[in-house]
1. Does at least one position in region 105-113 carry a residue that is outside the structural domain of residue 391 (by TED's automatic domain parsing), farther than 30 Å from residue 178 by Cβ and of a type in the set (Phe, Trp, Tyr)?
2. Among the candidates 146, 158, single out the residue that is open to solvent by less than 10 Å² (accessible area, probe 1.4 Å) and either assigned to a loop (DSSP other than H, G, I, E, B) or at pLDDT 95 or above (or both).
3. State all residues of region 23-34 that are open to solvent by 20 Å² or more (accessible area, probe 1.4 Å) and among the hydrophobic types (A, V, I, L, M, F, W, C); if no residue qualifies, say none.
4. Could you figure out which of (1) modelled with pLDDT under 85; (2) open to solvent by less than 10 Å² (accessible area, probe 1.4 Å); (3) among the charged types (D, E, K, R) isn't true of residue 180?
5. I'm checking my understanding of the structure. Among residues of region 48-67 that are open to solvent by less than 10 Å² (accessible area, probe 1.4 Å) and part of a strand (DSSP E or B), which one is farthest from residue 148 (Cα to Cα)?
6. Restrict the check to region 281-303 and report whether at least one residue is at pLDDT below 75, out of contact with any Leu (no Cβ under 6 Å at 6 or more places or on another chain) and open to solvent by less than 50 Å² (accessible area, probe 1.4 Å).
7. If residue 140 meets every condition in (1) open to solvent by 50 Å² or more (accessible area, probe 1.4 Å); (2) in contact (Cβ under 8 Å) with a residue 24 or more places away in the chain; (3) farther than 13 Å from residue 182 by Cβ apart from one, which number is that one?
Amino acid sequence: MYLLRLALRSLLNRRFSALLTVLAIALSITLLLGVEKIRTEARASFAGTISGTDLIVGPRTGSVQLLLYSVFRIGHPSANMRWDSFQRIADHPRVAWALPISLGDSHRGYKVMGTSADYFLHYRHGRDRALAFAEGKAFADLYDAVLGADVAREQGYVLGSELVLAHGTGSVSFVEHADKPFRVSGILEKTGTPVDRTIHVSLQGLEALHVDWRQGMPARGAARISAEQARDMALTPSSITAALLGLDSRVATFAVQRDINRFPDEPLMAVLPGVALQELWSLLGVAEKALFIVSVFVVLTGLVGMLTAILSSLNERRREMAILRSVGARPRHIFSLLLLEAFGLALAGALLGVGLMYLTLWLAQPLILSHYGLFIPITAPGPWEWSLLGGILLAAVLMGSVPAWRAYRQSLIDGLSIRT
């Protein structure tokens, strides 16, 4: 106990350098735990881009490619699936709900997705969170559009705003559907998923844009069909890009997947979203690991700073150690004293770092949620975080043993031992 009091008094005597060392360790630990927390939640958010969907169905291609264009709106499908094939799959006895997805148009670089109104009821993201409307409602009219949160915020759209869709998915298009403008009927709340950057319209509305088109271009030499005339036409699509399926039981997933993969009318495939997401994350996880490694090196830098501070003070403290030896302290006591100082600095830095991390998280949580749609819960450190802190304290003790051993040896060399 008296060694602990001596260590505390010694640190108080050098409080300015000790405070800087504690602050360096605290900031590095704040960074490490913060990065780990965000990394974990970002991975969970990535995996939760789509949840509650049992199968993604589309033309036969790679599972990652199907996931990318149907969920993340990245890339282009190699082919479409026929509408009658979708209806047959939707009528499967084990399919509880089926959501068609049709892509191909855009607006100022944002993807336009044709679907049904059931999309807003069944689509889930995150931890089984449903889509919610910040304003308005789902499309009811042929030319209604529901905007993702980012589209509305970045373009300044409000309910009732008109927007003209363009053919193709590029950020710049030279062919626009100016004769059939859409009206904003609803704006979704932030989700932190590709939904935020998507414009949702009905399948019939998307079909109305192309009733007078042939082979991807406006029909030449034929009278254009107006927006009102299109309302009276049969607007059933001939094909769609993909479909999301929800089954009546998870047990039926592999059976339904097998039936779709053996679909007799056209080559189709069904993939499990979770499996495809894991496959995709394995390609993107390099950056995640690199960020974690960088934060670990930052912590090591803080501990090296502690080691440097203790080593640089050894020469200045030779008189202090000589006095301690003269009053009966043995070399092992000097060794233990310096080891306690190193442990105390690391422990104080760890506790301060944890406190700073939670304070920063509490202050930044609303901002992260509103801008990125990423909800980071404020929970107690888990086993992984405790393991990290334990490893940091162990590293501090090991590093502290270096100056402690040097002081021990110096005590023996100086011949200041007083036998008792």
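1. no
2. 146
3. Selection gives 23, 24, 27, 31.
4. (1)
5. 59
6. Scanning region 281-303, I find at least one residue that is at pLDDT below 75, out of contact with any Leu (no Cβ under 6 Å at 6 or more places or on another chain) and open to solvent by less than 50 Å² (accessible area, probe 1.4 Å), so the answer is yes.
7. (3)
Okay, residues lined up against (1) open to solvent by 30 Å² or more (accessible area, probe 1.4 Å); (2) outside the structural domain of residue 116 (by TED's automatic domain parsing); (3) free of Cβ contacts under 8 Å to residues at least 24 places away in the same chain:
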position: 12; (1), (2), (3): yes, yes, yes
position: 21; (1), (2), (3): no, yes, no
position: 42; (1), (2), (3): yes, yes, no
position: 69; (1), (2), (3): no, no, no
position: 72; (1), (2), (3): yes, no, no
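The values are calculated or read from the model by the stated rules, or taken from the named source; none is laboratory data. Just so it is clear, the structure is predicted and the values come from calculations on it, not from any experiment. Note that we place each Cβ from the backbone using ideal geometry, even for glycine, and neighbour counts take in every protein chain shown. In case anyone asks, the SASA skips ligands and DNA or RNA and just uses the protein heavy atoms, side chains included. Shrake-Rupley method; radii C 1.70, N 1.55, O 1.52, S 1.80 Å.
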